[in-house]
Amino acid sequence: MHRRQFLRLTSSAAIVSLVTRFPPAAAKLAKQIRIIVPFPPGGPTDIVTRPLAQMLGKAIKAVVIVDNRGGAGGTIGADAVANSAPDGQTLLMATVGTHAINPTLYKKLPYDAVNDFTPIGLIAVAPVAVVVNPSLPVRNLDDLVALAKQKPGKLNYGSAGAGTPGHLTGEMFKTGAGINIQHVPYKGSAPAVTDLIAGQIDIMFDPLQSVLSNVQAGKLRALALSSKARSTVLPNVPTIAESGYSGFESTAWWAVFAPANLPPASATTLADEIKRIVSSDSFRSKLEPLGVIPTALTGSAFAEFHRAEMVKWGKAVHDSGATFD
């Protein structure tokens, strides 16, 4: 009897040892994957997606296709993924817009940003820059706030459109600084930047990568960034928080989601592969010169980040009064 118990115990110990030394094999990923970008080619989301797609395809020996499906603030592409089969063949490059702003901005959003998706991981963030035409007599945020208080309602600021990170960051800053500046929405960053350089508008709030080249060329002056820390591409530009607005932080971000009910093993394997790529020097070298910061976040940490972002941006939408049908 004792001998049989001993054999059972030693057999169990051997099995535990083997499981520890040889963990379960990773799930096999699809040999062809489509990453839907819910915006047109050439934009910030497309720029972030393409190096990831290339490196992911090489890593898992698969064909990874970037499929641009722009329209309705990203809702068309996001909805297409929400209604796809959870087989690992279709992914979404989500943004702060599709998954944190739109749920409050749109009265009738065709998808549920939480329940219709399987979160895979955050891959990058970018600060919103506060930029002005160099002819405006301001050198920093203190100057800007002082001028705005001297001329209440007279200064205006442009953004890529109502409900975008730039617009809502501008509204959050207005509230924090106690100033009255008028919002001028554009259909995208490019026309807003053109008018700012021409002096048609005074200020602009927009993700850094959209205005960086013009700041570096001296066509625009950057007063501050909305991130927690300074950017390596503009190290002399302070953050809004360190300019006297403690705790102020807002960032544009990009993250990968799959349709709801993707098998957990597939989700974990995919998240691990993407996290490894995002953490690599090669991926960093593609994005950092643009002012975009590779940021790998998966699992419960990413889920917590997503929940917090929905609350923060939802409040910003309510406060701004912006809404779409």
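The values are calculated or read from the model by the stated rules, or taken from the named source; none is laboratory data. On a predicted model such as this, the values are computed, not experimentally measured, just so you know. Every residue, glycine as well, gets a Cβ built from its backbone with ideal geometry; the counts of neighbours run over all protein chains shown. Heads up: the accessible areas ignore ligands, DNA and RNA and are worked out on the full protein's heavy atoms, side chains in. Shrake-Rupley method; radii C 1.70, N 1.55, O 1.52, S 1.80 Å.
For this structure, a couple of remarks:
- Output for region 210-231, where each listed residue is of a type outside the set (Lys, Arg) and part of a loop (DSSP other than H, G, I, E, B): 217, 218, 220, 226, 227, 229, 231
- Inter-residue pairs, beta-carbon under 6 Å, first in contact (Cβ under 8 Å) with a residue 24 or more places away in the chain and in region 83-95, second surrounded by fewer than 16 Cβ atoms within 10 Å (Cβ to Cβ), 6+ apart: 86/261
- Residues in region 69-81 that are assigned to a helix (DSSP H, G or I) and open to solvent by 20 Å² or more (accessible area, probe 1.4 Å): 72, 73, 76, 79, 80.
- Yes/no for residue 229 being under 17 Å from the mean Cα position of the chain (by Cα) and open to solvent by less than 10 Å² (accessible area, probe 1.4 Å): no
- Selection of region 235-277 for residues being open to solvent by 20 Å² or more (accessible area, probe 1.4 Å) and over 26 Å from residue 99 (Cβ atoms) yields 235, 236, 238, 242, 243, 244, 246.
- Boolean, residue 51 is assigned to a helix (DSSP H, G or I), under 26 Å from residue 262 (Cβ atoms), at pLDDT 95 or above and open to solvent by 40 Å² or more (accessible area, probe 1.4 Å): no
- So residue 266, is it closer than 30 Å to residue 172 by Cα and either assigned to a helix (DSSP H, G or I) or of a type in the set (Gly, Ala, Ser) (or both): no
- Per-region count, region 295-325, residues in contact (Cβ under 8 Å) with a residue 24 or more places away in the chain, among the polar types (S, T, N, Q) and out of contact with any His (no Cβ under 8 Å at 6 or more places or on another chain): 3
- In region 184-216, of all residues being within 15 Å of residue 153 (Cβ to Cβ) and out of contact with any helix residue (DSSP H, G or I) (no Cβ under 6 Å at 6 or more places or on another chain), the one that is surrounded by the fewest Cβ atoms within 10 Å (Cβ to Cβ) corresponds to 184.
- Pick from region 278-322, criterion open to solvent by 50 Å² or more (accessible area, probe 1.4 Å) and among the acidic types (Asp, Glu), ranking: modelled with the lowest pLDDT: 319
- Condition met for residue 66 (within 22 Å of the chain's Cα centre (by Cα), aliphatic (A, V, I, L, M), modelled with pLDDT of 95 or more and not in a helix (DSSP H, G or I)): yes
- Criterion: of a type in the set (Val, Ile, Thr) and within 20 Å of the chain's Cα centre (by Cα) - qualifying residue of 237, 292: 292
- Scope region 126-155; condition buried (at least 22 other Cβ atoms within 10 Å of the Cβ) and over 17 Å from residue 174 (Cβ atoms); matching residues: 126, 127
- Candidates 233, 292, filtered to the one that is touching a helix residue (DSSP H, G or I) at 6+ places or on another chain (Cβ under 6 Å) and in contact (Cβ under 8 Å) with a residue 24 or more places away in the chain: 292
- Within region 82-179, helices (runs of 4 or more DSSP H) holding 3 or more residues that are under 30 Å from residue 217 (Cβ atoms): 141-150, 165-177
- Residues located in region 157-176, provided they are open to solvent by 10 Å² or more (accessible area, probe 1.4 Å) and more than 28 Å from residue 40 (Cα to Cα): 174, 175, 176
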